[in-house]
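Here the structure comes first, spelled out in structure tokens, and everything after it is commentary.
The values are calculated or read from the model by the stated rules, or taken from the named source; none is laboratory data. These numbers come from a predicted model, not from an experiment. Note that we place each Cβ from the backbone using ideal geometry, even for glycine, and neighbour counts take in every protein chain shown.
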Amino acid sequence: MFIELFANLKQEFPKLTGKIIGDGIQLQELQALINDLKLQKSLILTGKLPRDAVMKEMQKCKILLHTSSYESGGYVFLEALYSGMKVVCFKVGLLPEVQGAYSCDNEKEIYSNLKSLLTYKQEYSRKTVPFISDSAKAIFDLYKSA
């Protein structure tokens, strides 16, 4: 889904670039799709990177697109917001209700938020994010209310 969204946005925003950081069993399949869509120069698969390198990459990027249907704690969202990125994702993990955080119900809503972020000039600044202890309390409160 990430690559398909990227390819559709690339048609409207020809200078768009992106990276997928990480490794896994789908790496070759993802690279093949990138090649098929002729996105090799604009969408890079970095493979696995050390944590400090990931954090440096996050400080250079503008948007974290997270298309997974599952995210346990969602600390990547907090790290992205703290790095100054906007976050666009499904309603998974812990995404605080702050400016620049877009928790979406479906792929169409994700696309709409991405298009809006790319269309209009954005201010990119670090966000204050909850401490881990705040996150733990929020999770415990969810369990208590269920």
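Side notes on the structure shown:
- Within the range 63-81, the residues that satisfy the criterion of being over 16 Å from Cys104 (Cα atoms) and surrounded by fewer than 16 Cβ atoms within 10 Å (Cβ to Cβ) are Ser72, Gly73, Tyr75.
- Residues satisfying the stated conditions in the range 94-107, i.e. surrounded by 15 or more Cβ atoms within 10 Å (Cβ to Cβ) and either at positive phi or at pLDDT below 90 (or both): Leu94, Leu95, Pro96, Gly100
- Among (1) touching a Cys at 6+ places or on another chain (Cβ under 6 Å); (2) modelled with pLDDT under 95 - the single one Ile110 does not satisfy: (2)
- Summed over the range 1-29, the residues that are touching a strand residue (DSSP E or B) at 6+ places or on another chain (Cβ under 6 Å) and either in a loop (DSSP other than H, G, I, E, B) or farther than 17 Å from Leu64 by Cα (or both) give a count of 1.
- Any hit, the range 23-39, residues being β-branched (Val, Ile, Thr), under 16 Å from the mean Cα position of the chain (by Cα) and either surrounded by fewer than 16 Cβ atoms within 10 Å (Cβ to Cβ) or more than 19 Å from Ala80 (Cα to Cα) (or both): no
- Scanning the range 82-93 for residues that are surrounded by fewer than 18 Cβ atoms within 10 Å (Cβ to Cβ) and outside any helix (DSSP H, G or I) gives Gly84, Lys91, Val92.
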